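Heads up, the thing below is written out as structure tokens.
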Amino acid sequence: YSCQCDEGFAGDLCEIMLCHDFFCFGSFSVCENTLQGPLCHCERGRTGSNCELFKGESAPWSKCGNSTFCESSFQNGKCDEVCNNAECLFDGNDCQPEHS
């Protein structure tokens, strides 16, 4: 047998997530596909696993309207609509930003 992976996944069992356009925050941050999944190389002044924080920030969800819920659901692999906005970093990249 062989698996046909959905877009954005690779590996024998589609177990490896690949980089996508909005995985790493920051115009000059770079996403690298690795065997463990995407790895962000953050642009100067950004930090966090997805370059979601500016240096000195502690939590991206602190600016969310529903910060307690968004903190607990951040990067849980499910798009939680209440956190699907730029202030909540599109639920930690669980949601795709809307294109204009």
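We did not get these values from a lab; they are worked out from the coordinates using the rules stated. The model shown is predicted, which means the values in this text are computed figures rather than measured ones. Backbone-built Cβ (ideal geometry, glycine too); neighbour counts: all protein chains shown.
Values as computed for the structure displayed
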item: Mean Cα-pair separation over length for the chain, i.e. relative contact order, pairs under 8 Å, 6 or more apart, %; result: 15
item: Max mean-square fluctuation residue, GNM over the chain, Cα-Cα springs under 10 Å, options Cys14, Cys40, Cys83; result: Cys14
item: ³J(HN,Hα), Karplus 6.51/-1.76/1.60, whole Hz, each residue of segment 12-28, x for Gly, Pro; result: 4, 10, 6, 8, 9, 6, 9, 4, 9, 3, 10, 6, 10, 7, x, 4, 10
item: Label-to-label distance, nm, for residues given as Cys14 and Val82 (7 Å Cα→Cβ offset); result: 3.0
item: Gaussian network model of the chain, Cα within-10 Å springs - most flexible of Ser73, Ser27, Ser49; result: Ser27
item: Cβ-based net charge around Asn93, under 11 Å, with every Lys or Arg adding one and every Asp or Glu removing one; result: -4
item: Helix-only [θ]222 nm of the chain, DSSP H runs n ≥ 4, -39500 (n - 2.57) each, per residue, nearest 500; result: -2500 deg cm²/dmol
item: Gaussian network model of the chain, Cα within-10 Å springs - most flexible of Cys88, Cys79, Cys70; result: Cys79
item: Packing-based order for 17-25, 5-13, using average beta carbon neighbours within 10 Å, highest first; result: 17-25, 5-13
